[in-house]
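A.B. asks: Here it is: the structure, laid out below.
The values are calculated or read from the model by the stated rules, or taken from the named source; none is laboratory data. Fair warning: this is a prediction, and the values are worked out from it, not measured in the lab. Because the Cβ atoms are built from the backbone with ideal geometry, glycine has one as well, and the counts that use them run over all protein chains shown. Ligands, DNA and RNA are excluded from the accessible area calculation, which covers all protein heavy atoms including side chains. Shrake-Rupley method; radii C 1.70, N 1.55, O 1.52, S 1.80 Å.
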2 protein chains.
Amino acid sequence: MRIGELSRKTGVPVPTIKYYVREGLLPAGELTSRNQASYDETHERRLRLIRALLDVGGMKVAEIADVLAAVDDPERPLHKVLGAAADRMGGTPAGHDDAETAAARTTVAGLISRRGWHAHESNPAADDLARALAALTRLGHGSFAELLETYAEAAEQVAQADLAYVDRRVALEDMVEGVVIGTVLGEAVFSALRRLAHVDASARLYGAEGVPEGDKG
Amino acid sequence: MRIGELSRKTGVPVPTIKYYVREGLLPAGELTSRNQASYDETHERRLRLIRALLDVGGMKVAEIADVLAAVDDPERPLHKVLGAAADRMGGTPAGHDDAETAAARTTVAGLISRRGWHAHESNPAADDLARALAALTRLGHGSFAELLETYAEAAEQVAQADLAYVDRRVALEDMVEGVVIGTVLGEAVFSALRRLAHVDASARLYGAEGVPEGDKG
DNA sequence: GATAGTGGATAGTGCCGGTATCTATTACGG
DNA sequence: CCGTAATAGATACCGGCACTATCCACTATC
């Protein structure tokens, strides 16, 4: 198909498709003449993946380029792709190691070893966690750490379900892509569920309705 | 204290503090003369909260302004603040209701009623969830919905722990702020934990180490 | 052979979170 | 009482990002 049809099928404007190609998110179409290239379903699928990662997953274009490059790497070291997909967070690049962050890092290391997780504390996620805990401490909510075990338990459940899904549901061919999808979109799914559950829990605790009559605007 | 000291204590540059005041995130200091204002610990705390919401929570300045306005509202309708804190997601404003989204919406409504959640399906979180599921469907992962129950279970655990923490740990005075902190920073915490758990789960499944020797760059 | 569509390239747009600069004023140390 | 530093407030500007507009030379198609 030509670029116009690709655009129509996916709802992505033609100039945007060109932009994605320039940025390395999408392979160029195969040239059939100097100003004609043909695109196939792989382009269509990749385009949908890009939009999902952008719109639902909130990833940045450059991050998507990195992750997709890892996906396309024939070597496909699964845990590296997973890392690339997961390490897209952490707005603050490094973060000076103040007292709170150092203490939080210790807490995180303790949690990891206590749960026997096969994850090194140098993992970027551990860093993000430490920074979040440090921020909580600075706000006088250091005891939020009491919830860590509950959180970790739930996170384990979710992660196991994710990986099991990928393992049994996805052909080896698409496994890497499946991991990316599960990691990024799964996060969006869980986030939304958590917010819904919050509404429910607060309704039960404080008697506030999810949406009182006529409060839908 | 004066603005310079506030800046030193929090690490936020003076012009940035002025910017936050302009944007309504931070109340202005009390004027003691035409070019002097005094700030107190409430400003300091608020400033830390703003930075946490920005850096760790990934919220936008305008969103923070909304949420903090709700926090400062003497009426303090708790569930509304929670909503304001939670509804900060969803990059795509509305989203045309295509076939996939409509189907996903039905799935979400089913889930909510099945779990007996006191949350209306018109909730923005339900919308985000539907959009995430629709994106998964478009990518050929409609069966990801099989994980919804597991996800929901975990989300319930986390939400209950969150609210219980707020309920018993926070004076009524600060409860609203506590909800915001728990909602936003709790999400960052859980997200990081989920990524760590992913690393662990994939290590167990596929034998990839969290960080192989000399792979820490 | 007119028209619409295309690949490729460059420049521009709108938003966002600040940062720089400027003025008029005041606090503060000596 | 004077010089310097800091401050409030206002406006202009900046860099990053995700596009979007425009242009050109060319070609598929009617």
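A.B. asks: Only one of these is touching an Asp or Glu at 6+ places or on another chain (Cβ under 8 Å), farther than 19 Å from A:T183 by Cβ, surrounded by fewer than 19 Cβ atoms within 10 Å (Cβ to Cβ) and at pLDDT below 90: B:P124, B:P93. Name it. Lay out the reasoning, then the answer.
C.D. replies: Numbers: B:P93 fails: touching an Asp or Glu at 6+ places or on another chain (Cβ under 8 Å).
Result of the check over B:P124, B:P93: B:P124.
Conditions (1) small (G, A, S); (2) touching a strand residue (DSSP E or B) at 6+ places or on another chain (Cβ under 6 Å); (3) on the phi < 0 side of the Ramachandran plot, marked per residue:
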{"site": "A:V12", "(1), (2), (3)": "no, no, yes"}
{"site": "A:R22", "(1), (2), (3)": "no, no, yes"}
{"site": "A:A37", "(1), (2), (3)": "yes, yes, yes"}
{"site": "A:L47", "(1), (2), (3)": "no, no, yes"}
{"site": "A:L53", "(1), (2), (3)": "no, no, yes"}
{"site": "A:G57", "(1), (2), (3)": "yes, no, yes"}
{"site": "A:V67", "(1), (2), (3)": "no, no, yes"}
{"site": "A:A70", "(1), (2), (3)": "yes, no, yes"}
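A.B. asks: Which residue pairs have Cβ atoms closer than 9 Å, lie 6 or more positions apart in sequence or on different chains, and pair a first residue in segment A:3-17 that is touching a residue at least 40 places away in the same chain (Cβ under 8 Å) with a second residue that is within 9 Å of DNA strand D (Cβ to nearest atom) and assigned to a loop (DSSP other than H, G, I, E, B)?
C.D. replies: Within 9 Å, the pairs are A:L6/A:V12.
A.B. asks: Something else now. Only residues that are part of a loop (DSSP other than H, G, I, E, B) and away from DNA strand D (no atom under 13 Å from the Cβ): list them for segment A:1-28, please.
C.D. replies: From segment A:1-28, those part of a loop (DSSP other than H, G, I, E, B) are A:1-2, A:11-13, A:23-28; that's our starting set.
Scanning segment A:1-28 gives A:P27, A:A28.
A.B. asks: Let me ask something else about it. State yes or no: is B:V61 at pLDDT 95 or above, more than 8 Å from every other protein chain (Cβ to nearest Cβ), under 16 Å from the mean Cα position of the chain (by Cα) and within 16 Å of DNA strand C (Cβ to nearest atom)? Break it down into steps so the answer makes sense when it comes.
C.D. replies: Working: at pLDDT 95 or above: yes; more than 8 Å from every other protein chain (Cβ to nearest Cβ): yes; under 16 Å from the mean Cα position of the chain (by Cα): yes; within 16 Å of DNA strand C (Cβ to nearest atom): yes.
Yes; evaluated as a whole, the condition is true for this residue.
A.B. asks: Moving on to the next point. May I ask you to list the residues in segment B:193-213 that are modelled with pLDDT of 85 or more and in contact with a Pro (Cβ under 9 Å, 6 or more places away or on another chain)?
C.D. replies: B:R195
A.B. asks: List pairs: first residue in segment B:47-62 and free of Cβ contacts under 8 Å to residues at least 60 places away in the same chain, second residue of a type in the set (K, R) and surrounded by fewer than 22 Cβ atoms within 10 Å (Cβ to Cβ) anywhere in the structure, Cβ distance under 6 angstrom, at least six positions apart or on different chains.
C.D. replies: B:R48/A:R138
A.B. asks: I've got another one for you. Determine whether segment B:184-200 contains at least one residue that is under 30 Å from B:R45 (Cβ atoms), touching a residue at least 12 places away in the same chain (Cβ under 8 Å), more than 7 Å from chain A (Cβ to nearest Cβ) and assigned to a helix (DSSP H, G or I). Before the answer, list the steps.
C.D. replies: Of segment B:184-200, the ones under 30 Å from B:R45 (Cβ atoms) are B:184-196.
Pick out the ones that are also touching a residue at least 12 places away in the same chain (Cβ under 8 Å) and you get B:184-188, B:190.
Then drop every residue that is not more than 7 Å from chain A (Cβ to nearest Cβ), which leaves B:184, B:186.
Retained after the next criterion (residues that are assigned to a helix (DSSP H, G or I)): B:184, B:186.
There is at least one residue in segment B:184-200 that is under 30 Å from B:R45 (Cβ atoms), touching a residue at least 12 places away in the same chain (Cβ under 8 Å), more than 7 Å from chain A (Cβ to nearest Cβ) and assigned to a helix (DSSP H, G or I).
A.B. asks: Right, something else. Considering A:T150, A:T137, A:T183, which residue is closer than 30 Å to B:K9 by Cβ and either out of contact with any strand residue (DSSP E or B) (no Cβ under 9 Å at 6 or more places or on another chain) or of a type outside the set (G, A, S) (or both)?
C.D. replies: Details: A:T150 fails: closer than 30 Å to B:K9 by Cβ; A:T183 fails: closer than 30 Å to B:K9 by Cβ.
The unique qualifying residue is A:T137.
A.B. asks: I'm trying to understand the selection: among the residues of segment A:45-57, which are more than 9 Å from DNA strand D (Cβ to nearest atom) and surrounded by fewer than 21 Cβ atoms within 10 Å (Cβ to Cβ)?
C.D. replies: Going residue by residue through segment A:45-57, those that are more than 9 Å from DNA strand D (Cβ to nearest atom) are A:45-49, A:52-53, A:56-57.
Residues satisfying the conditions are A:R45, A:R46, A:R48.
A.B. asks: Can you pull out the residues in segment B:58-70 that are out of contact with any helix residue (DSSP H, G or I) (no Cβ under 8 Å at 6 or more places or on another chain) and crowded, with 21+ Cβ neighbours inside 10 Å?
C.D. replies: Those that are out of contact with any helix residue (DSSP H, G or I) (no Cβ under 8 Å at 6 or more places or on another chain) and crowded, with 21+ Cβ neighbours inside 10 Å: none in segment B:58-70.
A.B. asks: While we're on this one: Out of (1) in contact with a strand residue (DSSP E or B) (Cβ under 8 Å, 6 or more places away or on another chain); (2) open to solvent by less than 50 Å² (accessible area, probe 1.4 Å); (3) within 12 Å of DNA strand C (Cβ to nearest atom), what's the single condition that is false for B:G29?
C.D. replies: With respect to (1) in contact with a strand residue (DSSP E or B) (Cβ under 8 Å, 6 or more places away or on another chain); (2) open to solvent by less than 50 Å² (accessible area, probe 1.4 Å); (3) within 12 Å of DNA strand C (Cβ to nearest atom), B:G29 is out only on (3).
A.B. asks: Restricting to segment A:154-172, what's the tally of residues that are open to solvent by 20 Å² or more (accessible area, probe 1.4 Å) and within 7 Å of another protein chain (Cβ to nearest Cβ)?
C.D. replies: Qualifying residue count, segment A:154-172: 5.
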